[in-house]
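J.: Dropping the structure in here first, questions after.
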Amino acid sequence: MTEGLYVASRKGLVPIRRRNRGWEAGAAAFLGEPVSAILRDPRDGTLYAALRLGHFGCKLHRSGNDGASWEELPAPAYPAAPEPDAEAPALDMIWTLAAGGPDRLGEIWAGTLPGGLFVSPDRGETWSLVDSLWSRPERGEWFGGGFDHPGIHSICIDPRDPERMTLGISCGGVWKSDDRGASWRLAGQGLRNAYMPPERAYDANVQDPHLVATCAASPDVVWCQHHNGIFRSTDAAETFGEIEAPMPSVFGFAVAPHPSDPATAWFAPAVKDECRVPVDGRMVVTRTRDGGASFEVLGRGLPERGSYDLVYRHALVVDASGERLAMGSTTGNLWVSESGGEEWQQIDAHLPPIAQVAFV
Amino acid sequence: MPQVSFTGNLRRHRETPVTAVEGATVREALDAVFAEDPLLRGYVLDEQGRLRRHVNVFVNNAMIADRLGLADPVGRDDEIYVLQALSGG
């Protein structure tokens, strides 16, 4: 099992290590700064951390020594307009970072607000906007979900064939490429929203998939915790089926697919979109082991009452064992489960609001 | 030559010594500083060359007028201050 994890929080990047006495937090990197995304590239062990500084913009840092030291890299940048232009796009947040396929060492992808996908061929030294997606006319209908602008938060690269990529965009639906980003098509048929006029409920281009995540061993199985419910695809995100009445609620941000069992996934439900707290103040994780036909409500070790914890989309993860999970909340709680979510241990209760947790 | 100085809060991120540079506008003076540290540029300006929303620039005692193009003129003896608005919690 994985013996360490990182917490990307509003006030720094906190390393957590498993010691003999249990999980312990170490000293934060980027203390005081909002960390919006963290990636450990599994191909070479390099760490990447994205910052969203309040005054000074978005920054990207890299560490080749497990976080002992960091170097700043150029951040992805939208192409400059030929003349000063108040409306020209600028990077607002790096929402997610993803490692490319095993055949292209050093290739890193970045999903951003206001809706651009970027790629670096050289471990983040240089970046370019993926114009094949940015120039799609459908982008004009995307809109922000929780932010002023639309953003790319999910980048899934097929481990069987890294030419095949799937993106989740809030609010811009699910997009796929079969040629490593040279061209894109709108996928995600069957996703349903309730926030648009009824005739556009199934319009794939205006869906708000809060997170799109695949089963590592069966990448054609794709889970989506959507603004309006939970959806599952068995054809690599071309079409989704809506899960009927998951308990205790349909709303949430995160989904953690089991790495090898395509029928199993974990969720962190909240009441609903306009009341983002646990149902009845009781913090729970739900697990399905039958592809969404039924859900178990797992709460041992989690607050039984008075909880305001919300789990953001990148803050519920499972490691390669399928047994160890980590979960961080906007209230600054961090929990780990060593038993597939059956029982949870509180690791820290005083962290800043958590954007992402990542096993390393 | 105009002199450029930066808010002390930037020193957490980049070295920002007080620098005397060539330049007849705020844009030219700042570009001369950024030529020495290209990453510093992104802390003050966005990729469109606009002054970041929560950063202010003063020439002597006056806030600049052109946050988009930074065309405000500067003279030989002027001082340019790059400051930040205060916010957060």
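The values are calculated or read from the model by the stated rules, or taken from the named source; none is laboratory data. Remember, predicted model here, so these are calculated numbers, not experimental data. Backbone-built Cβ (ideal geometry, glycine too); neighbour counts: all protein chains shown. All accessible areas refer to the heavy atoms of the entire protein, side chains included, with ligands and DNA or RNA removed. Shrake-Rupley method; radii C 1.70, N 1.55, O 1.52, S 1.80 Å.
J.: Would you point out the residue of the range A:193-220, among those that are open to solvent by 50 Å² or more (accessible area, probe 1.4 Å) and either hydrophobic (A, V, I, L, M, F, W, C) or touching a His at 6+ places or on another chain (Cβ under 8 Å) (or both), that is farthest from A:P150 (Cα to Cα)?
T.: Looking at residues that are open to solvent by 50 Å² or more (accessible area, probe 1.4 Å) and either hydrophobic (A, V, I, L, M, F, W, C) or touching a His at 6+ places or on another chain (Cβ under 8 Å) (or both), I get A:A217.
J.: Report yes if A:G252 is farther than 24 Å from A:A98 by Cα and either open to solvent by 60 Å² or more (accessible area, probe 1.4 Å) or out of contact with any helix residue (DSSP H, G or I) (no Cβ under 7 Å at 6 or more places or on another chain) (or both), otherwise no.
T.: Answer is no for this residue.
J.: When you go through (1) open to solvent by 80 Å² or more (accessible area, probe 1.4 Å); (2) touching a residue at least 12 places away in the same chain (Cβ under 8 Å); (3) within 12 Å of chain A (Cβ to nearest Cβ) one by one for B:Y43, which number turns out not to apply?
T.: Only one criterion in (1) open to solvent by 80 Å² or more (accessible area, probe 1.4 Å); (2) touching a residue at least 12 places away in the same chain (Cβ under 8 Å); (3) within 12 Å of chain A (Cβ to nearest Cβ) is unmet by B:Y43, namely (1).
J.: Right, something else. Quick one: in the range B:51-89, which of the residues that are open to solvent by 30 Å² or more (accessible area, probe 1.4 Å) and of a type in the set (D, E, K, R) is farthest from the other protein chains (Cβ to nearest Cβ)?
T.: Of everything passing the filter in the range B:51-89, B:D77 is farthest from the other protein chains (Cβ to nearest Cβ).
J.: Follow-up. Within the range A:1-16, track down each residue that is at pLDDT 95 or above and under 21 Å from A:V318 (Cα atoms).
T.: If the condition is that a residue be at pLDDT 95 or above and under 21 Å from A:V318 (Cα atoms), then A:L5, A:Y6, A:V7, A:A8, A:S9, A:L13, A:V14, A:P15, A:I16 are the ones that fit.
J.: Just need a number here: residues in the range B:14-40 that are within 11 Å of chain A (Cβ to nearest Cβ), open to solvent by less than 40 Å² (accessible area, probe 1.4 Å) and not charged (D, E, K, R).
T.: The qualifying residues number 1.
J.: Residues to consider are A:G100, A:G116; find the one that is touching a Phe, Trp or Tyr at 6+ places or on another chain (Cβ under 8 Å), of a type outside the set (F, W, Y) and farther than 24 Å from A:F147 by Cβ.
T.: Result of the check over A:G100, A:G116: A:G100.
J.: Return the residues of the range B:1-36 that are out of contact with any strand residue (DSSP E or B) (no Cβ under 7 Å at 6 or more places or on another chain) and small (G, A, S); say none if nothing qualifies.
T.: Matches in the range B:1-36: B:G8, B:G23, B:A32, B:A35.
J.: Something else: Any idea which residue in the range A:59-69 is most open to solvent (accessible area, probe 1.4 Å), counting only those that are more than 8 Å from chain B (Cβ to nearest Cβ) and either touching an Asp or Glu at 6+ places or on another chain (Cβ under 9 Å) or within 17 Å of A:I108 (Cα to Cα) (or both)?
T.: Among them, the one singled out is A:G64.
J.: If you don't mind, another one. Do any strands (runs of 3 or more DSSP E) entirely within the range A:21-77 hold 2 or more residues that are in contact (Cβ under 8 Å) with a residue 24 or more places away in the chain and more than 22 Å from the chain's Cα centre (by Cα), and if so, which?
T.: Per the criteria, A:22-25.
J.: I would also like to ask the following. If I filter the range A:75-91 down to residues being within 7 Å of another protein chain (Cβ to nearest Cβ) and touching a strand residue (DSSP E or B) at 6+ places or on another chain (Cβ under 9 Å), which single residue comes out as surrounded by the most Cβ atoms within 10 Å (Cβ to Cβ)?
T.: The extreme case among them is A:L91.
J.: Name the single residue that is farthest from the other protein chains (Cβ to nearest Cβ) among those in the range A:40-58 being open to solvent by 40 Å² or more (accessible area, probe 1.4 Å) and not small (G, A, S).
T.: Taking the candidates together, the pick is A:P42.
J.: Right, next: Scan the range A:221-233 for residues that are open to solvent by 10 Å² or more (accessible area, probe 1.4 Å) and aliphatic (A, V, I, L, M) and report the count.
T.: Residues flagged as open to solvent by 10 Å² or more (accessible area, probe 1.4 Å) and aliphatic (A, V, I, L, M) within the range A:221-233 amount to 1.
J.: Taking only the range A:133-182 into account, find how many residues are under 14 Å from A:Q207 (Cα atoms) and buried (at least 20 other Cβ atoms within 10 Å of the Cβ).
T.: Here the count works out to 16.
J.: Just for the range A:234-249: of the residues that are closer than 15 Å to A:Q189 by Cα and either of a type in the set (F, W, Y) or in contact with a Lys or Arg (Cβ under 7 Å, 6 or more places away or on another chain) (or both), which one is least open to solvent (accessible area, probe 1.4 Å)?
T.: A:A237
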